[in-house]
Structure formats: C-alpha cells, structure tokens
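Working notes, beginning with the structure itself.
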Amino acid sequence: MIGDSITHGWEGRPKNPKDSKGGKEVWDRYYGHRKAVNLGYGGDRTQNVLWRLQHGEVDGITPKLAVIMIGTNNTKVLDPAKDTALGIKHIIRELHSRVPETKILLLAIFPRGVGPDDAKRQRNNEVNGIISGYADNESVFFLNINEQFLDDERTLLIEAMPDLLHPNQKGYQIWAEAMEPKVAELLRDEAVQAE
C-alpha cells in the first residue's frame, strides 16, 4: 500500500493519541497473511511518493497488487486539482515502469472536513473525478469507497475519522471491508470475511 499518513496509520501509529490501536489489528487480519507492505509516510504528497519510487522503493520486489491512495496533502494546501491528478498519473506510470506485472488499485482520495462544503473535500472530489479516468480495468483499477465514511447528510463519520482526516480503528475496519472484494478479486484470492 502506497500513500501518506492515512496509509501509515495501518501500522497502528495513529495521528489521534486517543486511538492507541489505529489500523494494526485490521491490517493483521486482512493483509498479514498476504505479506503486504505498508509504504505510507506522514505528510507525503504526490511528489514525495514519486521521488520514493524513482529512488528504488519498489526495486527488487514484485507485488501482485499495489494500492495507491495519495493526494490529500496536496489538496490541504489547495494545489490545483489538475496538478494533484497529474502527480498521481506520474506515480502510476513510474510504478508500471518498475513493476510492470503489478496491478494497481487506485483509491479515491478520502473525504475530509466535516461537511460537503469543506474546500479541501471539494478539491479531493475534483481530483477523484479526474483520476477515475485513469482506470483501464486491465492493469489500473479505480475504487471509490468514500460513501462508507459519510452519513446521509454527507457529513464525515466522526466515529471513524475523529480528527476529520485520519481513520481510527473503526475507520480502518470500514476501509478494509469496503476494499476487500476488489482486493480479493485482483489477487485471485479468497476474500477475508467481515467480523
């Protein structure tokens, strides 16, 4: 899995000090047996991920699947949506050049902020509209699970993302359950059943 602090939190190092577990238990259940690697780093933007890939982060490995969720730190500073989307396109190209047999599951950037009028959430949505077009459904697949983190009024579920950005254990459970059918399909693996 490739991303920023949201991805990093799968290891149980949450941004929210009140949540001592983060996603570690969920990670172990869904991805431990799959020998998954967490390449999420706090604060990373698209350009940081691209740099890491260009400097050998995936050299010497041949993953069956790479899950990418990156861009919220670009939209945090309100970078133009097209620039963030272009950065994601470069990440996909770089990954394919280094591990051409790897399938890529590109996730929509998660919602952030309390409600639908949040400027950063709107920017994330703009980026998601662009990057959804990167899927060819042969080597690159797009998945938007954002509805799982919102209530009927499109308000972010505080019980899943208490700081309005980073998932807690419940948020990681939501993420894993929503993504699992596609992950299992792409890995040609048996799906982990929800608890």
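The values are calculated or read from the model by the stated rules, or taken from the named source; none is laboratory data. This one's a predicted model, so the numbers in the text were calculated from it and none came from an experiment. Positions of Cβ are generated from backbone atoms using ideal geometry, with glycine treated the same way; all protein chains shown enter the neighbour counts.
Tabulated data for the structure shown
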quantity	calculated
Answer residue from the stretch 130-182, given it is among the hydroxyl-bearing types (Ser, Thr, Tyr) and under 16 Å from Pro111 (Cα atoms) and is nearest to the chain's Cα centre (by Cα) among those	Tyr172
Helices (runs of 4 or more DSSP H) (entirely within the stretch 23-100) containing at least 2 residues that are surrounded by fewer than 19 Cβ atoms within 10 Å (Cβ to Cβ), in contact (Cβ under 8 Å) with a residue 60 or more places away in the chain and more than 15 Å from the chain's Cα centre (by Cα)	24-31
Filter result (crowded, with 17+ Cβ neighbours inside 10 Å and either part of a loop (DSSP other than H, G, I, E, B) or out of contact with any Gly (no Cβ under 8 Å at 6 or more places or on another chain) (or both)) within the stretch 146-156	Asn146
Top-ranked residue in the stretch 120-145 [being touching a strand residue (DSSP E or B) at 6+ places or on another chain (Cβ under 9 Å) and assigned to a helix (DSSP H, G or I); ranked as surrounded by the most Cβ atoms within 10 Å (Cβ to Cβ)]	Ile131
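Condition check ((1) at pLDDT below 95; (2) polar (S, T, N, Q); (3) more than 21 Å from Tyr41 (Cα to Cα)) across all residues:
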residue	(1), (2), (3)
Leu106	no, no, no
Asp117	no, no, yes
Glu126	no, no, yes
Ala135	no, no, yes
Gln169	yes, yes, no
Trp175	no, no, no
